[in-house]
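Enquirer: Below are the structure tokens for one structure; questions will follow.
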Amino acid sequence: MFLQRQLGVDTMNKTQQRAVNYANEINSMISITQDNQDKMDPYYEKLKTAIADNKVADISAADYKKTQTEFQTGTDHYKKALINLKNAKAPARLIGNHHILSSAYQQFVDGCQMMCDSLGDDKKVNVEMFHDAEKAQDEATDRMSRAIQKIMA
């Protein structure tokens, strides 16, 4: 909305308005993603270290449950952002890049859900699934970054 007021949306044609609205949707998706990553990162780092050191059993049951909850809550936020992204109306010249970004974000969300699913009950982590989820998220993040750069260019 700020960008719309700043640019005087009332004086814009429909194409310009669509571009501003689309930019706002992209900025929202980026913001939601970054905020979620910032919230989940301490849990992720602690868990990743415990997995690497083979010390998942040393994590308290309460901390492990909190990690599961934070991961799923964050992933649910990503899923909502994905719906908004898929429903965003991209300007005609950006439709191809929009589909690439949407596909990459879907891959990212799927990787996040896979990571959630790798955290079983009673502190049983499917380590192979956890690492596959990391890889899927990393690959998706690279694709998302490239698509966003093209969209914002």
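The values are calculated or read from the model by the stated rules, or taken from the named source; none is laboratory data. Note that the structure is predicted; figures quoted are calculated from it, not measured. FYI the Cβ positions are ideal-geometry reconstructions off the backbone, even for glycines, and counts take in every protein chain you see.
Enquirer: Any residue at all in the stretch 68-75 that's over 15 Å from the mean Cα position of the chain (by Cα) and over 25 Å from Gln17 (Cβ atoms)? Step through it out loud before you land on a result.
Expert: Residues of the stretch 68-75 over 15 Å from the mean Cα position of the chain (by Cα): 68-69.
When the remaining residues are screened for being over 25 Å from Gln17 (Cβ atoms), the result is 68-69.
Among the residues of the stretch 68-75, at least one is over 15 Å from the mean Cα position of the chain (by Cα) and over 25 Å from Gln17 (Cβ atoms), which makes the answer yes.
Enquirer: Still on this structure, please answer the following. Just to check your reading of the model, which residue among Ile26, Ile95, Ile83 is hydrophobic (A, V, I, L, M, F, W, C), in a helix (DSSP H, G or I), modelled with pLDDT under 95 and exposed (fewer than 12 other Cβ atoms within 10 Å of the Cβ)? Give the derivation first.
Expert: Details: Ile26 fails: exposed (fewer than 12 other Cβ atoms within 10 Å of the Cβ); Ile83 fails: modelled with pLDDT under 95.
The match here is Ile95.
Enquirer: Let me ask another. So in the stretch 43-62, with the set limited to residues that are among the charged types (D, E, K, R) and assigned to a helix (DSSP H, G or I), which one is farthest from His98 (Cα to Cα)?
Expert: Here is the first cut: in the stretch 43-62, the residues among the charged types (D, E, K, R) are 45-46, 48, 53, 55, 58.
Within this subset, residues satisfying the condition of being assigned to a helix (DSSP H, G or I) are 45-46, 48, 58.
Numbers: Glu45: 31, Lys46: 34, Lys48: 32, Asp58: 44 Å.
Filtering first and then ranking leaves Asp58.
Enquirer: Counting just the residues of the stretch 98-153 that are among the acidic types (Asp, Glu) and at pLDDT 95 or above, which one comes out surrounded by the fewest Cβ atoms within 10 Å (Cβ to Cβ)? Talk me through it step by step, then tell me what you get.
Expert: Within the stretch 98-153, the first condition is being among the acidic types (Asp, Glu), and the residues that meet it are 110, 117, 121-122, 128, 132, 134, 138-139, 142.
Now restrict to residues that are at pLDDT 95 or above: 110, 117, 128, 132, 134, 138-139, 142.
Details: Asp110: 18, Asp117: 15, Glu128: 9, Asp132: 15, Glu134: 16, Asp138: 12, Glu139: 14, Asp142: 11.
Ranking the candidates gives Glu128 first.
Enquirer: Go through the stretch 68-121 and report how many residues are touching a Lys or Arg at 6+ places or on another chain (Cβ under 7 Å) and hydroxyl-bearing (Ser, Thr, Tyr).
Expert: Result for the stretch 68-121: 1.
Enquirer: Ok, one more. Given the criterion farther than 16 Å from Gln37 by Cα and in a loop (DSSP other than H, G, I, E, B), identify the matching residue among Lys89, Lys65. Outline the logic, then answer.
Expert: On the way: Lys65 fails: in a loop (DSSP other than H, G, I, E, B).
Unique residue meeting the criteria: Lys89.
Enquirer: So, one more: Restricting the stretch 117-148 to residues that are assigned to a helix (DSSP H, G or I) and among the polar types (S, T, N, Q), which is nearest to Asp63 (Cα to Cα)? It would help to see each step written out before you state the result.
Expert: Pass one, the stretch 117-148, residues assigned to a helix (DSSP H, G or I): 117-118, 121-123, 127-148.
Those left that are additionally among the polar types (S, T, N, Q): 118, 137, 141, 145.
On the way: Ser118: 16, Gln137: 23, Thr141: 27, Ser145: 32 Å.
So the residue we want is Ser118.
Enquirer: If you don't mind, there's one more thing I want to ask. Any idea how many residues of the stretch 117-153 are small (Gly, Ala, Ser) and in contact (Cβ under 8 Å) with a residue 40 or more places away in the chain?
Expert: Here is the first cut: in the stretch 117-153, the ones small (Gly, Ala, Ser) are 118, 120, 133, 136, 140, 145, 147, 153.
So of that shortlist, the ones also in contact (Cβ under 8 Å) with a residue 40 or more places away in the chain come out as 147.
So the answer is 1.
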